[in-house]
Amino acid sequence: MKFSQMKYSRPDINATKAAYLGYIERMDKAQTSQEAIDVYMEADTFFGGVATMASLAVIRHSLDTTDSFYNMENDYLDENLPLLRELGQVFEKTVLHSPHRAAMEARFGTLMFRNIEISLKTFTPEIVSDLQQENKLTTEYDKLMSSAEIQFDGASLTLAQIAPYHQSPDRAVRKSSMQARANWMNEQKEALDDIFDQLTAIRHGMAKKLGYGNFIEMGYYRMQRNCYDKDMVSRFRQGVREHIVPLARRLKQEQADRIKVGRLTVYDDPILFLSGNAKPKGTPEEIFSCGRKMYHELSPETAEFIDFMLENELFDVLTRKGKSPGGYCAYLNDYNSPFIFANFNGTSDDIDVLTHEAGHAYAGWSGRNLKPSCLQDYTFETAEVHSMSMEFLTWPWMKDFFAEQTEKRLYSHLSGALTFIPYGAMVDEFQHEIYAKPSMTPKERNDLWLELEGIYRPYLDNDFDFYRDGRRWQAQAHIYERPFYYIDYCLAQTAALAFWSESQNDFNVAWKKYQNFVGFAGTKTFIGCIEGAGLPSPFEPDSLKAVSQTASEWLNRHRESE
């Protein structure tokens, strides 16, 4: 079904509560294992419908944050969905303690029950009002960032619309556009501080009500960490500092030399070549035509996938006033349909929509027939492997998008993947420190950010008050909206680079491993998927060293001299 034809109806909270009570009673009274399985499957279908309506509302709110109807629906869901958590928890407990658990484990797998146990660690009825307020605050942040009207180049621009100017070959344009953006962000600093002060206090308070010392443990459970802990993540960050930061520093110095600026400032950082970064050729329609060709040539499965996406209006990529910034992939359970939201801006980021976001969508589409939905529900770092690996596995087709600039595109992509990892690790360490010391003042948070930049990005000179004051983190939506998400990108990037390395030796072997990885969907943990696909674990001490060495060798052979 086409996205425009998908009908939204507000989930009836009272009817949903009644449904929960019915499923709880039926699960509790199930006389046979088959009856318990049937109840679970029926409940899964029903609540998948509720999730579909919530996703439709969120997507359509993102498409136009000025739409009064979907503003109202988004506020309604922010207020009411937390009210369902108590009954959801009772249902999960009933499933967990069912005398038919062994039969359900045989049918659905044991991971489902491990994830239920983790989910039960994240909620108590005492935190319903806190969850409601957390939702309101993250929506407030999104609306604030979507409201940007930055006066530049004779126009009033959103954050997405001004972004291409940051990659101008003209240094004066880069500087002035970044200055305009920084000025707008600086004007919002009191509101941004206030929102985050409240979010930190609310999250710490919820954690205390659940019996945790601070939000970190609760945050890990909310991210469904089911195969690694904060100590493993800490060791990973140490590996980043030892093996990736020195390489990133070298690459950034080479970049500074290449664009003849001596030392990089924040407005030089986005530009890799003196002649300008690689830009895709053609209109959005032409880009999508190349994308369809690419996926038809990649495999029969990806051909069917891209046709499904395009024929059912499951992309919205053009930037416009009132549209939320950024990009994401959502899933609509009732329609077995992914949906890709993005903001084209004329840079290579546009191609990432057809690789990164399409990687997410392809994984969701591939697992669409797995039932119940828990078999589709992989964790976030697994999802990011799907997307980041697709970016690398589509390298052979980049010439269709970039023509004579293909070499620049490939070099930028690989070097950017490596220099991103220190940034992602820095975001993660920042969040660990913030939630370990939730009483930090805004200035202390900003000072911490500057300290971490000196460790993870020592090559970068800050400029403009917004950056000098250590406020760069306030532009990173994940820090406000999805605490502890960002390390998932780093773990996934390491795995994606392993796929890239394999593809350089034998593309068909790499693609087969990727198909295997995607095929596991939510039936294995992240580490289980890594092992099952025959990849080195990011948590192994030498994995980052190996990744950095292989990538460095490729970059040395393909160094661009422009």
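The values are calculated or read from the model by the stated rules, or taken from the named source; none is laboratory data. Since the structure is predicted, the reported quantities are computational estimates derived from the model, not experimental observations. Neighbour counts run over all protein chains shown; Cβ positions are idealised from the backbone, glycine included. Protein only, heavy atoms only, side chains kept; ligands, DNA and RNA dropped before computing areas. Shrake-Rupley method; radii C 1.70, N 1.55, O 1.52, S 1.80 Å.
If you go through the stretch 333-354 and pick out every residue that is within 17 Å of the chain's Cα centre (by Cα) and assigned to a strand (DSSP E or B), you end up with 4. Pairing each residue of the stretch 3-27 that is assigned to a helix (DSSP H, G or I) with any residue that is open to solvent by 70 Å² or more (accessible area, probe 1.4 Å), provided the two are 6+ apart or on different chains, yields C-beta distances under 6 Å for Phe3/Glu313; Ser4/Glu313; Ala19/Phe46.
Here Tyr480 passes the criteria (1) open to solvent by 10 Å² or more (accessible area, probe 1.4 Å); (2) among the aromatic types (Phe, Trp, Tyr); (3) within 22 Å of the chain's Cα centre (by Cα) except the one numbered (1).
Please count how many residues of the stretch 289-319 are acidic (Asp, Glu), within 14 Å of Ala361 (Cα to Cα) and touching a residue at least 24 places away in the same chain (Cβ under 8 Å). Adding up the residues that qualify gives 3.
List the number of the failed condition for Arg60; all other conditions in (1) basic (Lys, Arg); (2) open to solvent by 70 Å² or more (accessible area, probe 1.4 Å); (3) free of Cβ contacts under 8 Å to residues at least 60 places away in the same chain; (4) in contact with an Asp or Glu (Cβ under 9 Å, 6 or more places away or on another chain) hold. Among (1) basic (Lys, Arg); (2) open to solvent by 70 Å² or more (accessible area, probe 1.4 Å); (3) free of Cβ contacts under 8 Å to residues at least 60 places away in the same chain; (4) in contact with an Asp or Glu (Cβ under 9 Å, 6 or more places away or on another chain), the lone unmet condition for Arg60 is (2). With the requirement that a residue be under 25 Å from Cys374 (Cβ atoms) and either of a type in the set (Lys, Arg) or open to solvent by 30 Å² or more (accessible area, probe 1.4 Å) (or both), what does the stretch 111-170 give you? Matches in the stretch 111-170: Arg114, Glu117, Ser119, Leu120, Lys121, Pro125, Asn135.
On inspection, Ala436 passes the criterion of being more than 22 Å from Pro246 (Cα to Cα) and either open to solvent by less than 10 Å² (accessible area, probe 1.4 Å) or touching a residue at least 60 places away in the same chain (Cβ under 8 Å) (or both). Restricting the stretch 181-194 to residues that are crowded, with 19+ Cβ neighbours inside 10 Å and aliphatic (A, V, I, L, M), the residue that is farthest from the chain's Cα centre (by Cα) is Ala182.
So which residues in the stretch 9-29 are open to solvent by less than 30 Å² (accessible area, probe 1.4 Å) and among the hydroxyl-bearing types (Ser, Thr, Tyr)? Matches in the stretch 9-29: Thr16, Tyr23.
I need a count of the residues in the stretch 458-477 that are on the phi > 0 side of the Ramachandran plot and in contact (Cβ under 8 Å) with a residue 60 or more places away in the chain.
1
Here the condition is being on the phi > 0 side of the Ramachandran plot, touching a residue at least 40 places away in the same chain (Cβ under 8 Å), open to solvent by 40 Å² or more (accessible area, probe 1.4 Å) and not polar (S, T, N, Q); of Gly322, Gly326, it holds for Gly326 alone. In the set Ser389, Ser412, only one residue is under 25 Å from Arg292 (Cα atoms), in contact with a helix residue (DSSP H, G or I) (Cβ under 7 Å, 6 or more places away or on another chain) and either part of a helix (DSSP H, G or I) or of a type in the set (Gly, Ala, Ser) (or both); that residue is Ser389.
Of all residues in the stretch 186-206, those satisfying the criterion of being closer than 17 Å to Met440 by Cα and hydrophobic (A, V, I, L, M, F, W, C) are Ala191, Leu192, Ile195, Phe196, Leu199, Ala201, Ile202.
Quick one: would you say Asp461 is within 23 Å of Gly262 (Cα to Cα) and acidic (Asp, Glu)? Explain how you work it out, then say what you get.
Numbers: within 23 Å of Gly262 (Cα to Cα): yes; acidic (Asp, Glu): yes.
Answer is yes for this residue.
Looking across the stretch 335-352 at every residue that is open to solvent by less than 10 Å² (accessible area, probe 1.4 Å) and out of contact with any Leu (no Cβ under 8 Å at 6 or more places or on another chain), the one that is modelled with the lowest pLDDT is identified as Thr347.
Of all residues in the stretch 63-87, those being crowded, with 18+ Cβ neighbours inside 10 Å and either outside any helix (DSSP H, G or I) or small (Gly, Ala, Ser) (or both) number 1.
Kindly indicate whether Thr382 is among the polar types (S, T, N, Q), without any contact (Cβ under 8 Å) to a residue 40 or more places away in the chain, open to solvent by less than 10 Å² (accessible area, probe 1.4 Å) and part of a helix (DSSP H, G or I).
Values: among the polar types (S, T, N, Q): yes; without any contact (Cβ under 8 Å) to a residue 40 or more places away in the chain: no; open to solvent by less than 10 Å² (accessible area, probe 1.4 Å): yes; part of a helix (DSSP H, G or I): yes.
No.
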